[in-house]
Amino acid sequence: MADLDGDAIITKYCGFLGDRVRYDADLSTTVLADLRRAVVVVNAFWSGPSMQTLIRVAKLLDDVDSHGCAQLIVCDTDHIPDLAAEPWLLDTHGGMGEIAWVLNGRIVARRDPSRNPDLRVTTWSFISECPA
């Protein structure tokens, strides 16, 4: 399968977040310890459920993060290393749009095939700790 243009897809579906969204296909420029407040989505661009999750998370951030304190980082499941080990502990083989919510360099919530927290509740809780 040919690679899809992740940058173009992110711009099309998440561009309304402006500089709060970035695409890091293989997570090579993302250092977990350096993230203050971020939602990291492992996206399978070829998967309908994964794309729906990405769009939903982007809209949730736009809706609930009025202060713009969180960033959305999107990576490509076909380009990342295995994230099953520490510190990520994510099963990324589902193609469902696996997610890590990161606060001050530490993952505070995860969504993957074995964990499926409510996206709105988890994102709202995560954002509620933003400074006013």
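The values are calculated or read from the model by the stated rules, or taken from the named source; none is laboratory data. What you see is a predicted model, and the numbers here were worked out from it, not measured in a lab. Every residue, glycine as well, gets a Cβ built from its backbone with ideal geometry; the counts of neighbours run over all protein chains shown. The accessibility values were calculated without ligands, DNA or RNA, using every heavy atom of the protein model including side chains. Shrake-Rupley method; radii C 1.70, N 1.55, O 1.52, S 1.80 Å.
With every protein chain kept in place and ligands, DNA and RNA left out, what is the accessible area per residue of region 1-104? Probe 1.4 Å, answer in Å².
Roughly 47 Å² per residue, with all protein chains present.
Write down the radius of gyration of the chain and its Dmax, each obtained from C-alpha positions, in Å.
Calculated on Cα positions, Rg and Dmax stand at 13.4, 45 Å.
Do any cysteines in the chain lack another Cys Cβ under 4.7 Å, and if so which?
Cys14, Cys75
List the relative contact order of the chain as a percent without decimals, with contacts defined as Cα pairs under 8 Å and 6+ residues apart.
Dividing the mean separation by the residue count of the chain yields 29 percent.
Just flag the trypsin sites (Lys or Arg not before Pro) in region 23-107 sitting in loop per DSSP whose Cβ has no more than 15 other Cβ atoms within 10 Å.
Within region 23-107, the qualifying trypsin sites (Lys or Arg not before Pro) (loop, at most 15 other Cβ atoms within 10 Å) are Arg36.
At a probe radius of 1.4 Å, what is the per-residue accessible area of Glu129, in Å² to the nearest 10?
Number for this one is 120 Å².
With the chain treated as a Gaussian network of Cα nodes joined by springs under 10 Å, which of Ala25, Ala85, Ala70 yields the largest mean-square fluctuation?
Greatest mean-square fluctuation among the candidates belongs to Ala85.
Expressed as a whole percentage, what fraction of the accessible surface of region 58-132 belongs to carbon and sulfur atoms when a 1.4 Å probe is rolled over the protein heavy atoms?
In region 58-132, the share of accessible area belonging to carbon and sulfur is 47 percent.
With +1 on the Cβ of every Lys and Arg and -1 on the Cβ of every Asp and Glu, and nothing else charged, how large is the dipole of the chain about its Cα centre, in debye rounded to the nearest 20?
500 debye
What figure, in Å² to the nearest 10, do you get for the accessible area of Thr53 with a 1.4 Å probe and non-protein molecules left out?
10 Å²
Could you compute how much accessible surface His67 exposes when probed at 1.4 Å, giving the result in Å² to the nearest 10?
Counting only protein heavy atoms, His67 exposes about 120 Å² to solvent.
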